[in-house]
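This report concerns only the one structure given below.
The values are calculated or read from the model by the stated rules, or taken from the named source; none is laboratory data. Source: prediction; values computed, not measured. A quick note on method: Cβ atoms are made from the backbone with ideal geometry, for glycine too, and the neighbour counts reach across all protein chains shown. With ligands, DNA and RNA removed, areas are computed over all heavy atoms of the protein, side chains included. Shrake-Rupley method; radii C 1.70, N 1.55, O 1.52, S 1.80 Å.
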Amino acid sequence: QKEIEDRLAELPGWALDGDKLTRTYRLGSHFAAAGLVVHIARTQDELDHHSDLTLGYRTVALSVTTHSAGGALTAYDFALARRVEELAPAHGAE
């Protein structure tokens with residue numbers, strides 16, 4: 001639990017919801033949100049680690065856990081969250 005809290009502290013805006021890392025990004029338009037979803041999907045394929053990803057009108061929400069580890073959080077989840085954090089500013093995400 002301490003390791004999870006320490007790693008979560010390095011990811012502003014991310015939260016722990018049960019056994020999942022979650023984050024919702026707000027964007028300036030639906031088109032910008034859709035663009036971010038495409039880039040997140042590509043990153044997930046590169047990492048071979050996929051989250052629940054929801055596109056809203058001007059939002060993108062992620063819920064990240066490792067299904068193959070019985071829903072536990074692993075280093076893969078934090079790696080994906082870090083990569084998404086790198087992508088989001090280019091799309092104007094808050």
Starting at 0 and stepping by 5 Å, how many percent of the alpha carbon pairs of the range 40-94 end up in each bin?
4, 18, 31, 25, 14, 6, 2
Specify which residue in the list Leu80, Leu27, Thr54 is farthest towards the positive end of the charge dipole of the range 1-85, using unit charges on the beta carbon of Lys, Arg (+1) and Asp, Glu (-1), about the Cα centre.
Leu27
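Per residue, how many Å² of accessible area does the chain show with a 1.4 Å probe? Don't jump to the answer; show the numbers that get you there.
Numbers: 5400 Å² over 94 residues.
On a per-residue basis, 57 Å².
Want the number for Glu5 to Glu86: 0.36 nm per residue separation, take away the alpha-carbon distance, what's left? Please report the intermediate quantities before stating the final value.
Details: separation 81, 0.36 × 81 = 29.16 nm, distance 2.02 nm.
Length gained between Glu5 and Glu86: 27.1 nm.
Taking 0.36 nm per residue of sequence separation and subtracting the Cα-Cα distance, how much length would be gained by fully extending the chain between Ser68 and Asp17, in nm to one decimal? All intermediate terms of the calculation are to be shown ahead of the outcome.
On the way: separation 51, 0.36 × 51 = 18.36 nm, distance 1.83 nm.
Going from the current span to full extension adds 16.5 nm.
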Distance in nm between Leu47 and Thr24 label points, each 7 Å along Cα→Cβ, equals 2.1 nm
Quick test of the membrane-span-like rule: which DSSP H helices of the chain reach at least 15 Å along their long axis (C-alpha atoms) with mean Kyte hydropathy at least -1.0?
30-47, 75-87
Rounded to the nearest whole number, the Stokes-Einstein translational diffusion coefficient of the chain at 25 °C and 0.890 mPa s (Kirkwood radius, C-alpha pairs) in µm²/s is 185 µm²/s
